[in-house]
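Beneath this line is the structure, given in structure tokens, with notes to follow.
The values are calculated or read from the model by the stated rules, or taken from the named source; none is laboratory data. Just so you know, these numbers come straight off a predicted model, no measurement behind them. Note that each Cβ is placed from the backbone with ideal geometry, even for glycine, and that neighbours are counted across all protein chains shown.
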Amino acid sequence: MILLVHSTCDIAGKNIAQQVLQRYPFTKTNQTYQENPLYQAQISGKHVDFVTLSEESVYAQNLQADFADAELVVFISRHSSQSGTPTLSVHTPGNFGKAELGGLPRSVSVSPANAMADALKALNRLKQEMRLDYAVSFECTHHGPSLQVPTMFVELGSSEMQWRDQTAASVVAQAAMDAIAKFGDSTLPAVLGIGGTHYNHKFTKMALEGEVVFGHMVPKYAVSAVDGALLRQLAERTLEPVDSVVLDWKGIRSQDKPKLLADLQQSGLSTRKV
């Protein structure tokens, strides 16, 4: 079963959810979750449950216990940034350090690398088809929940103007459903990405061009938190086998490089600088 999730606390999430229900054959069931209706559909032969949270998505730490048979969890939600740049984004949730916004400390969700690449490519294709002036980007792993099941966010941002954009909401809805429909079809090995900004344009470009599929991505500001134990967790909590690490070399502080390289060497993961 695949779990599609949105929150009543989220304007963008509600608009994206409305587009999902308008475009796809979901049926309202007699079941509820957090006192909200539960919908179900068969999408490309896959059973999909569509649930609504009464809490913010980042705090849905109990979701896995409540839906123990979920093979993939896809959150459709808003994205916020101070710049307010119109952005369509994809990322895995989890925390490299403290759990400041949901999840667990130093604990990441399982990253569905191929599904994230499928969602990213669909966002890019659809925004071009609809001539939307939005950036399309991976985001690095951040915020909660920290689930031991493949989990990703497909987001609409970065301010209220975009959250209410029904055309952009339809793009996010279709991209999320495209990734769900294709889930399990591709099993390309994954890479980890380390370095650069929170919106890593190099990693995004490589994925869009089909060069690699990325699991967890660690931004420059979090590299100092990376050690051998966290590297092992990032590799183990990627759905696909991780065969290497891509380093945004100029996007890593010089003082962080020696320890990072030592930890990478000890991990046995091969590295590639871009």
- If a residue has to be small (Gly, Ala, Ser) and surrounded by 19 or more Cβ atoms within 10 Å (Cβ to Cβ) to count, how many in the range 15-48 make the cut? 2
- Taking the stated definitions as given, is Gly84 more than 20 Å from Leu208 (Cβ to Cβ), touching a residue at least 40 places away in the same chain (Cβ under 8 Å) and not basic (Lys, Arg)? yes
- Task: Would you be able to say whether some residue in the range 115-129 is at pLDDT 95 or above, under 13 Å from the mean Cα position of the chain (by Cα) and part of a loop (DSSP other than H, G, I, E, B)?
- Result: no
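Okay, residues lined up against (1) within 23 Å of Val110 (Cβ to Cβ); (2) at pLDDT below 95; (3) part of a helix (DSSP H, G or I):
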residue: Glu155; (1), (2), (3): yes, no, no
residue: Gln162; (1), (2), (3): no, no, yes
residue: Ser170; (1), (2), (3): no, no, yes
residue: Ala175; (1), (2), (3): yes, no, yes
residue: Leu188; (1), (2), (3): yes, yes, no
residue: Thr197; (1), (2), (3): no, no, no
residue: Phe203; (1), (2), (3): yes, no, yes
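Only one residue in Leu72, Leu88 is closer than 14 Å to Glu155 by Cα and buried (at least 19 other Cβ atoms within 10 Å of the Cβ), so which one is that?
None of the other options fit; the residue is Leu88.
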- Is one or more of the residues making up the range 245-252 part of a helix (DSSP H, G or I) and either among the hydroxyl-bearing types (Ser, Thr, Tyr) or within 20 Å of the chain's Cα centre (by Cα) (or both)? no
- Note on the structure: Of (1) in contact (Cβ under 8 Å) with a residue 40 or more places away in the chain; (2) outside any helix (DSSP H, G or I); (3) charged (D, E, K, R), Glu211 fails just (1)
- Which condition breaks for Asp227 when tested against (1) more than 17 Å from Thr87 (Cβ to Cβ); (2) surrounded by fewer than 24 Cβ atoms within 10 Å (Cβ to Cβ); (3) within 14 Å of the chain's Cα centre (by Cα)? (3)
